[in-house]
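Chemist: After the structure tokens below, expect a handful of questions from me.
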Amino acid sequence: MTVSVILSNKGHNVFTVDPDEKVEAVAQLLAGKRIGAVLATSGDGKVVGIVSERDLIRAIAQKGASALKRPISDFMTTNVVTCQGTDSIAVLMEKMTAGKFRHLPVLKGGKLDGIVSIGDVVKQRIAETEFEANAMREYISTG
Ligand code: AMP
């Protein structure tokens, strides 16, 4: 199973923000869209950072309420780990575990093609496990 299977189920939509966007606006976007992370992109669409709810918590812990008026570039992670649609889900899980994060942008030809969260991975793994269990039950009952 590859990352592209997850994207074909969930779609390729990715929410992006400008790195100059204020922390307050990004918090509103995450809450409003019910998502855990958003990518910061430059004018040409290049990924320049990732901001997750953890970064917002850290920003408020460090700077208090004044963090809300600061640009998200002050708190985002700029060394973004990405994956390809052709990567296996096992590789994806290894990257998330090694990096201790729950989001991976998917690139295609260097361009943003989607984003996968740990919730998407769990959903896919459960579907696969159920499919395998049903196939085995059928095999046993017809054997
Ligand atoms: P998360 O677990 O995804 O909420 O993120 C935890 C921390 O890892 C935050 O500081 C994020 O900015 C950072 N992070 C999330 N995803 C990535 C990624 N794909 N590459 C690098 N850092 C990330």
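The values are calculated or read from the model by the stated rules, or taken from the named source; none is laboratory data. These numbers come from a predicted model, not from an experiment. As a convention, Cβ positions derive from the backbone with ideal geometry for all residues, glycine included, and neighbour counts pool all protein chains shown. In case anyone asks, the SASA skips ligands and DNA or RNA and just uses the protein heavy atoms, side chains included. Shrake-Rupley method; radii C 1.70, N 1.55, O 1.52, S 1.80 Å.
Chemist: How much length would be gained if the chain were fully extended between T97 and D20, taking 0.36 nm per residue of separation minus their Cα-Cα distance, in nm to one decimal?
Modeler: On the way: separation 77, 0.36 × 77 = 27.72 nm, distance 2.97 nm.
Extending this stretch completely gives an extra 24.8 nm.
Chemist: Can I ask one more? Output the pairs from K22/K123; K33/K95; K10/K63 with a Cα-Cα distance over 29 Å in this structure; if there are none, say none. Numbers along the way, then the final one.
Modeler: Values: K22/K123 32 Å; K33/K95 25 Å; K10/K63 36 Å.
The pairs that break the limit, which is 29 Å between Cα atoms, are K22/K123; K10/K63.
Chemist: How high is the relative contact order of the range 1-75, given as a whole-number percent (alpha carbon pairs under 8 Å, six or more residues apart)? Please list the in-between numbers first.
Modeler: On the way: 85 pairs, mean separation 25.5, N = 75.
Relative contact order, the range 1-75: 34 percent.
Chemist: Binning at 10 angstrom from zero up to the longest distance, how are the C-alpha pair distances of the chain distributed in percent?
Modeler: 11, 37, 29, 14, 6, 3, 1
Chemist: Angle check, please: helix 53-63 long axis (alpha carbons) against the longest principal axis of the chain (alpha carbons), in degrees 0 to 90, nearest 10.
Modeler: The angle comes out near 30 degrees.
Chemist: Of the trypsin sites (Lys or Arg not before Pro) in the range 43-138, which ones lie in a loop per DSSP and count no more than 15 other C-beta atoms within 10 Å? Mind dumping the intermediate values first?
Modeler: Numbers: sites: K46, R54, R58, K63, K69, K95, K100, R102, K108, K111, K123, R125, R137; in loops: K46, K100, R102.
Passing both the DSSP loop test and the Cβ count: K46, K100.
Chemist: Among rounded, prolate and oblate, which fits the range 44-118 when a ≥ b ≥ c are the square roots of the eigenvalues of its C-alpha gyration tensor, a/c under 1.5 means rounded, and a/b larger than b/c means prolate? List each step's numbers first, then the result.
Modeler: Working: a/c = 3.49, a/b = 1.75, b/c = 1.99.
Judged from the Cα gyration tensor, the range 44-118 comes out oblate (a/c at least 1.5, b/c at or above a/b).
Chemist: Moving on. Accessible area per residue, 1.4 Å probe, Å², for the range 1-71: what's the number?
Modeler: Numbers: 4100 Å² over 71 residues.
With all protein chains present, the range 1-71 gives 58 Å² per residue.
Chemist: How much mean residue ellipticity at 222 nm does the chain get from its helices, if each DSSP H run of length 4 or more adds -39500 (n - 2.57) and you divide by all residues, to the nearest 500 deg cm²/dmol?
Modeler: Values: 5 runs with 66 residues, N = 143.
Calculated mean residue ellipticity at 222 nm is -14500 deg cm²/dmol.
Chemist: Want the number for K111 to N134: 0.36 nm per residue separation, take away the alpha-carbon distance, what's left?
Modeler: Working: separation 23, 0.36 × 23 = 8.28 nm, distance 3.80 nm.
That works out to 4.5 nm of additional length.
Chemist: In addition: Using a 1.4 angstrom probe on heavy atoms only, work out the carbon and sulfur share of the accessible area of the range 1-44 in %. Could you put the intermediate results ahead of the total?
Modeler: On the way: 1150 of 2470 Å².
That fraction is 47 percent.
Chemist: Could you please state how large a percent of the accessible area of the range 54-121 is carbon and sulfur, counting protein chains only and using a 1.4 Å probe?
Modeler: On the way: 2160 of 3880 Å².
With neighbouring chains kept in place, the figure for the range 54-121 is 56 percent.
Chemist: For L68 and K33, what is the calculated FRET efficiency with R₀ set at 22 Å and r taken between the beta-carbons, to the nearest 0.05?
Modeler: My answer for the efficiency is 0.75.
Chemist: Also, I was wondering about something else. Stretch A61-A127 to full length: gain in nm at 0.36 nm per residue minus the Cα-Cα span? Numbers along the way, then the final one.
Modeler: Details: separation 66, 0.36 × 66 = 23.76 nm, distance 3.83 nm.
Using 0.36 nm per residue and subtracting the Cα-Cα distance, I get 19.9 nm.
Chemist: Based on the alpha carbons, how large is the Rg to Rh ratio for the range 96-143 when Rh follows Kirkwood? Working shown, then result.
Modeler: Details: Rg = 16.4 Å, Rh = 13.2 Å.
My calculation puts Rg/Rh at 1.24.
Chemist: Using Cα atoms only, what is the angle between the long axis of helix 118-142 and the major principal axis of the chain, expressed in degrees (0 to 90) to the nearest 10?
Modeler: Tilt relative to the chain: about 10 degrees.
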